[in-house]
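Report on one structure; see the data block that follows.
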Amino acid sequence: MNREKLLDQLKRISTEGKGTKELYGEISRVCMDEIKRDWSKKSVKNAYYLSVEFLMGRMFFNNLMELGVLNEARSIFAEKGFDLNRLEEIEDAALGNGGLGRLAACYLDSAAGIGVPLQGYGIRYRYGLFRQRFENGFQREEADDWLKWGDPWSVRRESEKREIRFADMTVTAVPYDMPIIGKRINTLRLFQAEGSAEAEKISEYLYPADDTDEGKLLRIRQEYFFSAACVRELVEEFVKVYGSRFFKFPEYHALQLNDTHAVFAAAEFLRLLTQEYKVAFGDAVKIARKTFNYTNHTILPEALECWDAELVARILPEIAMILKRLQVFASREWKAKGCLVSDQLDMSVMKSGRFAMANVAVFVSGRINGVAEIHTRIIKEKLFAVAARYYPDKFLNITNGITQRRWLMLCNEELSALYDKNFGRGWREDLDLLSLRDAFQRDADVAEFAAVKRIKKQQLAEYVRKREGIALIPDAIYIAQVKRLHEYKRQLMTAFAVLRIYYDLKAGKLPDFSPTVFLFGAKAASGYRRAKAIIKYLNAVAETINVDEAVRGKLQVVFVQNYDVSYAEKIVAGSDVSLQVSTAGFEASGTGNMKLMMNGAVTVGTMDGANIEIAERAGLNNNYIFGATVTELGRIRNDYNPSEIVQNKPAVKRVTDTLVNGTFSDGGTGGFAELHAALFEGASWHKPDHYFVVYDLESYVQALLAVNRDYRNAESFSRKQLMNALHSAFFSSDRAVKTYANLVWGLDRPQ
Ligand SMILES: *Cc1c(COP(=O)(O)O)cnc(C)c1O
């Protein structure tokens, strides 16, 4: 990379009469010209990350940082009278929903950063995750037209397109390559579907509704489309060099399936080898097992993919045949191992006429990982308990991670500068250096850290003022719950806790209460009614509290609109407290918890997902753990009756009653009554209060009040925050990617 030359080129860009979009395009293109010179050739062996989601966020600032020109570019353009921060108008590339997609983005970033040859494969959606705004407190969704800013960071590879065949249509898969910049420049390759109008639908939307057969078929097409495009490319390139010596294939390729959405890649691999290259089925399975690996992300039964065999056969007859053949093959293997019939049923690839994609993944993968210690334990003991007994060596844990480049160096330059001053710059490469430096905990250091936190809070407040038109209480405790809206994440429980505190404040029961701002950010899936009702409820609670003179300046509730990666960058840096309050056993890992920790927020959380490992590393006394554990919930689950609890606890009843007693209006939608019914009568297949909101509420309120009390001693509270930041190294995705490289991909030697 010729940095001097790049800077020179940047200096030559004229800003005269140009708008944000034009300059964005021009600066990006100048950088891309330089990148293209250095774009790494594939390594001898590469790992491939197959994911239907890549939640990359805004590439502009991150890429300039990686090119080492961000600060200079800021001054170059400031001199020309153009504030580079105006490019914050550029919308995120939101080709993902939440945690799973962001994880994919963090892993690509880390791999490039530490020099691991990992290439991403996915879909180039025309529209990403919807843009959200609130209208009378209700979520409104707008199509995310991310291409209206152009796509200067991608290169269309016309000559590498491939035809993907379905029974009823042929679709062209056209690759678009995006450089992932670090020590190496790796590639994120996203396929766009071209051809007939029907064909083009395949890459139109992320997760189209799948409640009809037509919707399901479209999902199957999407999954097969990009998986097959990837596998065909790799196999055809391989054959050019090695012919049909496929036993050598795993020496050059390791494929990672990010959840089950890309499992068709394994089916396509078996199809190609056995049908086009005449490899014996058993040999093909053996090779697949040395090539494919699977990451499980959820144990929610409703999220485990199953496709009707008949639907798959309708558009992909050969793939359906392969999967059926795999079932026969698997049965034979299981019989030979002496598996009980019930165990065979449990592990079946095909169950009651449906393909169980997770079971396919478990059978064909060499290694299967969960994403936090507790999650891996649960998949080994419950979800895949039978398979774990017959194939114990397949299973391992790799706790999720986040990239410190975007989530510390880019979003918190001030804290990074403070680390530079204390440690030198080595930590940027090796985050572990942070926790070794006990010296950096003297009172003077804590004061400097506190000063940084104050600056980040002011910046966050300024950003919220610009985006939402709301002035946050300055110098209050900033408490954030930012993540997708889901009942298991229990934003509703936070709403109840906030109401409890509000009522107590008004009644004069909390005389020494430190001013507090609760910040929420969350999108609800467009078909998820109860999640949308929770958004409306939180907005109603906010509206009531924010106009009440009695708590003015003491308590404020703000639900920001369109929470995305760029918003997250501001919120994680500017928050004091991180809310991670999922029902124990439901959050596989979480990564928002790690981003907030790395920026020095203390966690108020349950013993769930990576929270457990966070508390373990930063110290229980530096975090606020509350609520029922997995074991406790297992014990009480059958006898649990939330109605009993509210009868004995009038303060709890008072807040849950607000769903049905007219305190707040749901605009006649019936949404609040539905939430109430889900808590006390049960909903669909759930028992009453399936997520134990009522059960954990009291201890949650106590944890929040403990935070409030401790915050009064500013010095010791800052120290807790600093302890979290300094012990966050384990949660770097550099560590996670190194573990994959060593234990899963066979990339332990330098490539
Ligand atoms: C990190 C991140 C998530 C995941 O948050 P969790 O708290 O782990 O669920 C979701 N959305 C965005 C925009 C993120 O940056």
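The values are calculated or read from the model by the stated rules, or taken from the named source; none is laboratory data. All figures in this text were calculated on a predicted structure; none of them were measured in a lab. Cβ sites come from the backbone with ideal geometry, for glycine too, and all protein chains shown count toward neighbours. Heads up: the accessible areas ignore ligands, DNA and RNA and are worked out on the full protein's heavy atoms, side chains in. Shrake-Rupley method; radii C 1.70, N 1.55, O 1.52, S 1.80 Å.
Table for the structure above
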quantity: Alpha-carbon centroids, region 385-412 and region 199-251: separation in whole Å; calculated: 24
quantity: For Ala93, residues with placed amide H under 5 Å, excluding near neighbours; calculated: Gly57, Arg58, Met59
quantity: Average accessible area per residue (Å²) across region 128-238 - probe 1.4 Å, nucleic acids and ligands excluded; calculated: 40
quantity: Highest to lowest packing among 280-288, 730-738, 125-133, 657-665, scored as the average C-beta count within 10 Å; calculated: 730-738, 125-133, 280-288, 657-665
quantity: Share of carbon and sulfur in the accessible heavy-atom surface of region 455-578 [1.4 Å probe, %]; calculated: 50
quantity: In region 240-331, lysine pairs closer than 17 Å at Cα, eight or more apart or cross-chain; calculated: 6
quantity: Vicinal HN-Hα couplings computed from phi for region 319-331 (Karplus, 6.51 cos²θ - 1.76 cosθ + 1.60; Hz; Gly/Pro x); calculated: 5, 4, 4, 4, 5, 5, 5, 5, 4, 5, 4, 5, 4
quantity: Formal net charge of residues neighbouring Glu543 (Cβ-Cβ distance under 15 Å; K, R +1; D, E -1); calculated: -3
quantity: Convex hull volume per residue for region 53-117, taking Cα atoms only, in Å³; calculated: 81
quantity: Loop-located GluC sites (Glu not before Pro) in region 395-433, at most 15 other Cβ atoms within 10 Å (DSSP); calculated: Glu429
quantity: Under-5 Å amide H pairs with Val482, H placed in peptide plane, nonlocal only; calculated: Gly521, Leu579
quantity: Kirkwood hydrodynamic radius of region 109-265, Cα pairs, Å; calculated: 17.4
quantity: Of all accessible heavy-atom area on region 191-336, the percent that carbon and sulfur account for (1.4 Å); calculated: 53
quantity: For region 141-150, 3J(HN,Hα) per residue [Karplus equation, 6.51 cos²θ - 1.76 cosθ + 1.60, θ = phi - 60°, Hz, x = Gly/Pro]; calculated: 10, 10, 4, 8, 8, 5, 6, 5, 8, x
quantity: Under Karplus coefficients 6.51, -1.76 and 1.60, residue-wise ³J(HN,Hα) of region 539-547 in Hz, glycine/proline x; calculated: 5, 5, 4, 4, 4, 4, 5, 5, 9
quantity: Radius 9 Å from Cβ of Asp576, net charge of other residues (Lys, Arg +1; Asp, Glu -1); calculated: +2
quantity: Over 27 Å (Cα to Cα) - which of Lys380/Lys536; Lys453/Lys536; Lys80/Lys523; Lys457/Lys554; Lys532/Lys687; Lys509/Lys649 fall in this group; calculated: Lys380/Lys536; Lys453/Lys536; Lys80/Lys523
quantity: Largest to smallest principal axis extent of the C-alpha atoms in region 383-434, angstrom; calculated: 53, 19, 11
quantity: Dipole magnitude of region 392-483 about its Cα centre (Cβ charges: Lys, Arg +1; Asp, Glu -1), debye to nearest 20; calculated: 420
quantity: Value of [θ]222 nm, deg cm²/dmol, for the chain, DSSP H segments ≥ 4, -39500 (n - 2.57) each, nearest 500; calculated: -14000 deg cm²/dmol
quantity: Cα coordinate range in region 483-574, projected on the principal axes (Å, largest first); calculated: 41, 29, 22
quantity: Debye-sum result for the chain in log10 I(q)/I(0), which assumes one identical scatterer on each alpha carbon, at q = 0.05, 0.09 Å⁻¹; calculated: -0.25, -0.85
quantity: Interchain or long-range residues, amide H under 5 Å from Asp144's placed H; calculated: Gly128, Arg131
quantity: Accessible area in square angstrom per residue, region 579-632, 1.4 angstrom probe; calculated: 22
quantity: Cα-Cα separations in region 361-504 greater than 24 Å, expressed as whole percent; calculated: 60
quantity: Trypsin sites (Lys or Arg not before Pro) lying in DSSP loop within region 218-278, provided at most 14 other Cβ fall within 10 Å; calculated: Arg245, Lys278
quantity: In region 1-71, GluC sites (Glu not before Pro) in a DSSP loop with at most 14 other beta-carbon atoms within 10 Å; calculated: Glu16
